[in-house]
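The values are calculated or read from the model by the stated rules, or taken from the named source; none is laboratory data. As the structure is a prediction and not an experimental result, all values here were calculated from the model. Virtual Cβ from ideal backbone geometry, glycine too; neighbours counted across all protein chains shown. Keep in mind that these areas ignore ligands, DNA and RNA; they rest on the heavy atoms of the full protein, side chains included. Shrake-Rupley method; radii C 1.70, N 1.55, O 1.52, S 1.80 Å.
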Amino acid sequence: MSEGNAGDPGHGSSRQRAVHPENLSLGPSCFSPPVNFLQELPSYRSVARRRTNILSRDKQSGTLLKPTGSFSSQLDGGITENLNSQSIRKYALNISEKRRLRDIQETQMKYLSEWDQWKRYSSKSWKRFIEKAREMTTHLELWRKDIRSIEGKFGTGIQSYFSFLRFLVVLNLVIFLIIFMLVLLPIILTKYKITNSTFVLIPFKDMDMQCTLYPISSSGLIYFYSYIIDLLSGTGFLEETSLFYGHYTIDGVKFQNFTYDLPLAYLISTIAYLALSLLWIVKRSVEGFKINLIRSEEHFQSYCNKIFAGWDFCITNRSMAELKHSSLRYELRADLEEERIRQKIAERTSEETIRIYSLRLFLNCIVLAVLAACFYAIYLATTFSQEHMKKEIDKMVFGENLLILYLPSIVITLANFITPIIFAKIIHYEDYSPGFEIRLTILRCVFMRLATICVLVFTLGSKITSCGDSTCELCGYNQKLYPCWETQVGQEMYKLMIFDFIIILAVTLFVDFPRKLLVTYCASSKLIQCWGQQEFAIPDNVLGIVYGQTICWIGAFFSPLLPAIATLKFVIIFYVKELSLLYTCRPSPRQFRASNSNFFFLLVLLIGLCLAIIPLTISMARIPSSKACGPFTNFNTTWEVIPQTVSTFPSSLQTLIHGVTSEAFAVPFFMIICLVMFYFIALAGAHKRVVAQLREQLSLESRDKRYLIQKLTEAQRDVRSQPALA
C-alpha cells in the first residue's frame with residue numbers, strides 16, 4: 001500500500017507534466033516518461049531523422065521541443081521586444097493576450113525619457129490620423145454604393161471587373177490632369193490673357209519651305225454630313241483644335257521671370273504618364289501576386305479550400321447563391337478533370353506523347369497562320385485607307401468616305417471578334433486541362449487584341465518613312481502624304497477609340513437587349529432557348545477595356561485630350577455594363593475569385609502598357625518629327641529636346657549626367673542589378689523551401705493528432721480492462 005501510495009503521486013505529477021509540456025527541457029532531471037512519450041510522435045521522429053544539425057543545436061541550447069503551450073513564454077520574450085515598432089493589432093492573438101501586451105507596453109512607457117514618450121505618442125497619433133483619413137476616403141470612392149450592390153448580388157468576381165473599370169477611370173483622369181497642367185494650362189493662360197505672358201513662336205532654322213506646308217482643309221462648298229465625318233474621324237474643324245498634336249506649334253510661353261519650354265514639357269508629360277501608369281499597375285499587381293503565391297497550394301489543399309472556404313459571404317441574392325453553388329461544383333469538376341488528365345499524362349506511352357505534341361504543333365501553326373492573316377489584313381486595310389483618304393470629299397458619297405476612313409478600325413474589330421471563336425474551337429483538340437485551356441485562350445486573345453494596335457501603328461510608321469521622291473530625303477519623311485504625321489496618327493487612335501465605343505454601345509443596345517426580350521417573351525421556341533441569354537463573360541469584357549486603354553496610352557502623345565475622352569468613355573461604359581448585367585445578361589458559370597481576377601486584369605493591363613511603350617519609343621527616337629506642325633519642328637527627333645536641355649546645364653551637372661548615362665556606369669550598374677536579382681531569386685527559393693517544410697509540418701501535425709488519439713484510445717482500453725482483471 002505504501003508503495004502504491006508512493007507511486008500515485010508520481011503518476012499524478014507525471015500527468016501534471018504531461019498537461020504542461022512547456023516545462024520540458026533537455027536537462028538531466030527532465031527525462032521523464034512524458035518526454036519519451038512525446039519523442040514517439042511522428043513529427044518529432046521526422047525532425048530527428050532529417051534535421052540532426054537542428055537537433056544538435058537544440059541540445060546545446062537546452063531545449064528539446066517547444067509545443068504550443070510555450071506560447072505565453074514566447075510572448076514575453078519575442079513579441080514584447082517588437083512592441084515599439086509594431087501595433088498590437090497585427091498579432092493574431094486573443095483579446096486577453098492583447099490586453100496583457102497593452103499593459104506591458106504601458107508599463108514600459110513609464111521608464112522611457114520624455115523625448116521617447118513624445119515620439120511614441122506622436123507616432124500613435126499619426127497612425128490614428130492615417131486610419132481616420134483612410135476611413136474618410138473610403139466614403140469618397142467613386143461608385144462605392146453601385147459596386148457594393150453588384151458585389152452583394154453577383155459576388156466578388158464580377159465586382160472586381162467594375163472595380164478595375166473604376167481604376168481605369170481614375171488613372172485616365174490623373175493622366176489627363178498631368179497633360180493639362182504641363183501642356184494645356186500655360187497655353188490657356190496665355191491665349192485668354194489670364195496672365196501677363198506671350199507665346200514664343202518657333203524660328204525656322206535652315207529648313208526648306210516645302211517641309212513647312214500644312215494644308216488643313218480645302219475651301220469651298222461643305223456638305224452637311226461633312227461635320228459628322230469630321231466629328232467621327234477627327235478631321236476638318238477638329239484637326240485645328242487642341243485635340244491633336246498639330247495645334248501645339250509653339251516653342252514656349254514667356255512669363256515675366258522665365259520662359260516655359262513647351263517641347264520639354266510635352267515630352268516630360270508623356271514620360272510622366274507612362275511612368276505613373278507603370279508604377280501604379282505594379283503596385284496594385286504586387287498585392288494580387290502575394291495572394292496568388294500563397295494560394296499556390298497542393299491539390300488536396302485546393303479541394304479543402306473550395307469545400308470549407310470557397311463560399312463568397314458577400315452574396316445576398318438567392319439566384320446568385322445558386323450560381324455560386326454551381327460555380328463551386330464546376331471548379332471541383334474541373335479539378336477532378338485536371339487530376340484525371342494528369343494521371344492520363346503519366347500513363348501515356350511514347351507514341352501517344354509524340355502524337356499529341358505533333359497535333360499541338362500543327363494546331364499552333366494554324367493559330368500563327370490565323371494571326372498572320374489578321375495582321376496582313378490590317379496592313380492592307382491601313383494601306384488602302386491611307387492611299388484613298390486624300391481624295392476630295394465631293395468625289396465620294398457619305399457612306400463610301402466613312403467606310404474608307406474607318407476601314408482599319410472595322411478590320412481590327414472583325415479580327416477581334418472572329419479570332420476568339422477560332423481559338424476556342426482549336427483549343428479543344430489540344431488535350432489540355434480545363435484551367436490551362438482558359439488561360440491559354442485568354443493569352444492568345446490578349447496577344448491578338450493588343451498586337452493589332454501595334455500592327456496598325458507600325459504600318460503607319462512604314463508609310464510615313466517610305467517615299468520615292470526627293471521630298472523624303474529633304475524632310476526625312478513622306479511630307480506629301482503626311483505633312484503633319486503625328487496628327488494623322490492621333491486621328492487613327494481617335495477613330496479606334498470612337499469606333500470601339502460605338503461597337504460596345506451597339507452590341508448592348510441592339511444585340512443584348514433584343515436577345516433578352518426574345519428569351520423572356522418567346523420561351524416556347526426551342527431555337528431561342530438554345531440561343532439563351534447573353535453571358536456576362538468577365539475575361540472578354542476585361543480584354544475590351546484593356547484594348548481601349550492601350551489605345552489611350554499610345555494616342556495620348558499624338559492627341560493630348562484623348563485621356564479625357566477615355567475617361568468619359570469608361571464612365572459611360574460603367575453604367576452601360578451595369579444596366580446590361582442587371583437586366584440583359586446572366587453571370588457566367590465560370591466565375592473568377594476576386595484575388596485571381598484582380599491579378600489577371602492587372603497582368604493583362606501591364607502587357608498592354610509594355611506594348612504601348614514600344615511604338616511610342618520608336619516614334620519619339622527614330623522617326624523624324626514633322627517640320628510643319630507641333631512643338632518639335634526644330635528637332636530632328638522628339639528625343640533631341642533632352643540632350644539640348646542638358647547642354648544648358650552647368651558643366652559639373654553635365655559631366656555627372658553624361659557619366660551616369662555612359663557605358664562605364666551602365667555595365668557595373670547592370671552587374672549590381674543582376675547580383676541583387678540573383679539574391680532575391682535565392683531568397684525566394686529559400687522561402688519556397690520554408691513553405692514546403694511548413695506544409696509538411698502541418699501534415700505531420702495531423703499525424704500527431706491521430707497518433708495521440710490512438711494512444712488515448714489504448715490507454716482508455718487498458719483502464720477499462722484493469723477492473724475486469726481485478
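Between Thr520 and His428, what is the label-to-label distance in nm when each label sits 7 Å out along the Cα-to-Cβ direction?
3.2 nm
Pull up all non-local amide H partners of Glu535: gap of 5 or more, or a different chain, and H-to-H distance under 5 Å with H placed in the peptide plane.
Residues meeting the amide H criterion: Arg586.
Which shape class applies to segment 87-140: rounded if a/c is under 1.5, otherwise prolate when a/b exceeds b/c and oblate if not, where a ≥ b ≥ c are the square roots of the Cα gyration tensor eigenvalues?
Because a/c hits 1.5 or more and a/b fails to exceed b/c, segment 87-140 counts as oblate.
If segment 575-726 were replaced by its equivalent ellipsoid, with semi-axes equal to the square roots of 5 times the Cα gyration tensor eigenvalues, what would those be, largest first, whole Å?
Each semi-axis is the square root of five times an eigenvalue, giving 66, 32, 10 Å.
Once every Cα of segment 662-714 carries one equal point scatterer and solvent is ignored, give the base-10 log of I(q)/I(0) from the Debye formula at q = 0.21, 0.32 Å⁻¹, two decimals.
Scattering profile of segment 662-714, log10 relative to I(0): -0.79, -1.03.
Keeping the other protein chains in place, figure out the carbon and sulfur percent of the accessible area of segment 662-714, with a 1.4 Å probe.
74 percent
For His388, what accessible area in Å² do you get when you roll a 1.4 Å probe over the heavy atoms of the protein chains, rounding to the nearest 10?
Looks like 50 Å² after rounding.
What's the carbon and sulfur percent of segment 87-140's accessible surface, probe 1.4 angstrom, rounded to a whole number?
57 percent
Show the residues, 5+ positions off or on another chain, whose built amide H is closer than 5 Å to the amide H of Tyr260.
Val253, Lys254, Phe255
Please go through the residue pairs Lys127/Lys577; Lys254/Lys480; Lys145/Lys495; Lys306/Lys516; Lys324/Lys344; Lys495/Lys577 and name each one whose alpha carbons sit more than 27 Å apart in this structure.
Exceeds cut-off: Lys127/Lys577; Lys254/Lys480; Lys145/Lys495; Lys306/Lys516; Lys324/Lys344.
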